[in-house]
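Trainee: After the structure tokens below, expect a handful of questions from me.
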Amino acid sequence: MLINDLINTNLPSINPADTIRQALQIISEFSVNNIPVVSEKTFLGNISETELLEANNDNDPVASLAERFSGFRVKNSSHFLSAVNISAEFGLDVIPVVNSENEYAGAVLKNDLFLKLAAFNGAGKPGSIIVVEIEFIHFSISEISRLVESNNSTILHLNTSAGASPNYIVVSIQINNTEGSAIVSTFERYNYRILYFDGGRDFENKIHDNYEHLMNYLSI
């Protein structure tokens, strides 16, 4: 999914000659925390609500805050995860989109990005989630896939994150089977530590003590 497919053309930009008050009105109307500044077709930067509110005179032009503009943007040919990263790292509600000539093409809203991210991660699809931890030197996607498939199941999504120490890796696996207890048992036989499993009630008591441990690694 490319950024070009997610551009929202309904969100207005602000001209540098417009007043700070006008920019704040747009930000309030659309319930966002930043707005792109555009002169004709040229993207000049972002201005945040905080910077606008700290201005001495809201009748001054937005251009008077030019030194506070941030240049965060994405190319329309980029993958949508590029915009997710920018939004998450810098706290932007509106991610400006430009073409190869730095011409403003529109913007992508944070909420639209996270809806697309949820679909990308398989949210809403029936199945189970298993989270395991293993030493990094033993981590193998092909082995994990083989163990899942040996139980007549398929991996829908797989994600990795840092483990409890630099030598370990946490692997979150979404499978298409709503009852994955057999897969969990298989992972245990191959020395994977089970951190979390949501696919079988009989297994809940067994992994309850690991739930708090999981929260240290994942934000779900």
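Trainee: With the crude spin-label approximation of a point 7 Å out along Cα→Cβ, what separation in nm comes out for Asn151 versus Asn85?
Mentor: It works out to 3.3 nm between the two label points.
Trainee: For helix 80-90, report the angle its Cα long axis makes with the longest principal axis of the Cα atoms of the chain; keep it between 0 and 90° and round to the nearest 10°.
Mentor: Once rounded, the angle reads 70 degrees.
Trainee: Follow-up. Taking the Cα atoms only, what angle lies between the long axis of helix 110-120 and the longest principal axis of the chain, rounded to 10 degrees?
Mentor: Between helix and principal axis, roughly 30 degrees.
Trainee: With mean projected area of the Cα convex hull in nm² as the read-out, I listed (1) 14.0; (2) 13.4; (3) 15.2; which label goes with the value calculated from this structure?
Mentor: Matching entry in (1) 14.0; (2) 13.4; (3) 15.2: (3).
Trainee: What GluC sites (Glu not before Pro) in segment 40-128 are in a loop by DSSP, with at most 11 other Cβ atoms within 10 Å of the Cβ? Walk me through the numbers before you get to the answer.
Mentor: Working: sites: Glu40, Glu49, Glu51, Glu54, Glu67, Glu89, Glu101, Glu103; in loops: Glu40, Glu54, Glu101.
For GluC sites (Glu not before Pro) across segment 40-128 that sit outside H, G, I, E and B with at most 11 neighbouring Cβ atoms in 10 Å, the list reads Glu40, Glu54, Glu101.
Trainee: Also: Which number gives the lysine pairs in the chain that have C-alpha atoms under 28 Å apart and are eight or more places apart or on different chains?
Mentor: Details: Lys41/Lys75; Lys41/Lys110; Lys41/Lys116; Lys75/Lys110; Lys75/Lys116; Lys110/Lys125; Lys116/Lys125; Lys125/Lys206.
Total qualifying Lys-Lys pairs in the chain comes to 8.
Trainee: Still on this structure: Per-residue ellipticity at 222 nm for the chain, helices alone: DSSP H runs ≥ 4 residues times -39500 (n - 2.57), over residue total, nearest 500 deg cm²/dmol? Intermediate values should be presented prior to the final figure.
Mentor: Numbers: 8 runs with 65 residues, N = 220.
That calculation yields -8000 deg cm²/dmol at 222 nm.
A short reminder: the numbers here are calculations on the coordinates, not readings from a lab. All figures in this text were calculated on a predicted structure; none of them were measured in a lab. A quick note on method: Cβ atoms are made from the backbone with ideal geometry, for glycine too, and the neighbour counts reach across all protein chains shown.
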